[in-house]
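The values are calculated or read from the model by the stated rules, or taken from the named source; none is laboratory data. This is a predicted model, so every value here is computed, not measured. Counting neighbours? That spans all protein chains shown, and the Cβs are built from the backbone with ideal geometry, glycine included. We work out accessible area using only protein heavy atoms, side chains counted, and drop any ligands, DNA or RNA first. Shrake-Rupley method; radii C 1.70, N 1.55, O 1.52, S 1.80 Å.
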Amino acid sequence: GVAALERMVTRLTEGQEIGYPLEVSVIDHKMMNAFAVPGGHIVVMRGLLEGADSPDMVAAVLAHEIGHVVHRDPTRNALRTAGSVGLLGLLFGDFTGGAATVLLAERMISASYSREAEAKADDYAFDMLRSAGLPPSALGDMFERFREEFGDVEGPMAHFASHPRLTDRIAAAGAASSGDSAHRPALSTDAWRALQDICDNQVNTRDAD
């Protein structure tokens, strides 16, 4: 499983200027998610491997998270959150209700920046996938799974969403894949099975989930 994951990352990053040595880890958790943290670290959760229908979908998510690493989004987000909370605290003070106002305002600021960062990471992923001989539509397929699992953000709550609407992102992935030719899957059948079972050799509580 580790070898399969490394093979996938190598295929995606070959010839790319990342700027950081990447470290991709898998956490044995049922949540269908992945995220990047400062320093070139990307975390994939077991639920994403189990929820994906193909290795191309996982490769697409990795390409998206690599986009965050290249754009330094995790570090910028941490600095921005700390700075905006401190500034808003000075403006509103810590009187009754002030803390709630600060958190609400910070959430709206962070969501606005995050949506832009997510859109840029999607565009980066489309280019990376094409360079690796993989279809950008694979990212749309993964977004479709997320929409089936979690739904989409609609109405007033969209103002507080840190990610663009999944429906829009699915459409963008489809447009980016227009005219794509046949491709070689991100992993062989055996390697894909090994990656999905990567947590099986670890002590885990999967049966208790």
Residue that is modelled with the highest pLDDT [pool: residues in region 153-166 that are of a type outside the set (Gly, Ala, Ser) and within 16 Å of the chain's Cα centre (by Cα)]: Leu166
When region 1-52 is checked residue by residue, the ones that are over 15 Å from the mean Cα position of the chain (by Cα), among the β-branched types (Val, Ile, Thr) and more than 16 Å from Pro185 (Cα to Cα) are Val2, Ile18
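Go through Ala121, Ala176 for me and flag whichever is modelled with pLDDT of 85 or more, out of contact with any Lys or Arg (no Cβ under 7 Å at 6 or more places or on another chain), within 24 Å of Met31 (Cβ to Cβ) and buried (at least 20 other Cβ atoms within 10 Å of the Cβ).
Selected residue: Ala121, the only one of Ala121, Ala176 that is modelled with pLDDT of 85 or more, out of contact with any Lys or Arg (no Cβ under 7 Å at 6 or more places or on another chain), within 24 Å of Met31 (Cβ to Cβ) and buried (at least 20 other Cβ atoms within 10 Å of the Cβ).
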Name every residue in region 130-142 that is within 12 Å of Asp56 (Cβ to Cβ) and over 14 Å from the mean Cα position of the chain (by Cα), in order of residue number. Ala132, Gly133, Leu134, Pro135, Pro136, Ser137
Unique match (being open to solvent by 10 Å² or more (accessible area, probe 1.4 Å) and of a type in the set (A, V, I, L, M, F, W, C)) among Val44, Val61: Val61
Can we say Leu62 is within 12 Å of the chain's Cα centre (by Cα), hydrophobic (A, V, I, L, M, F, W, C) and at pLDDT 90 or above? yes
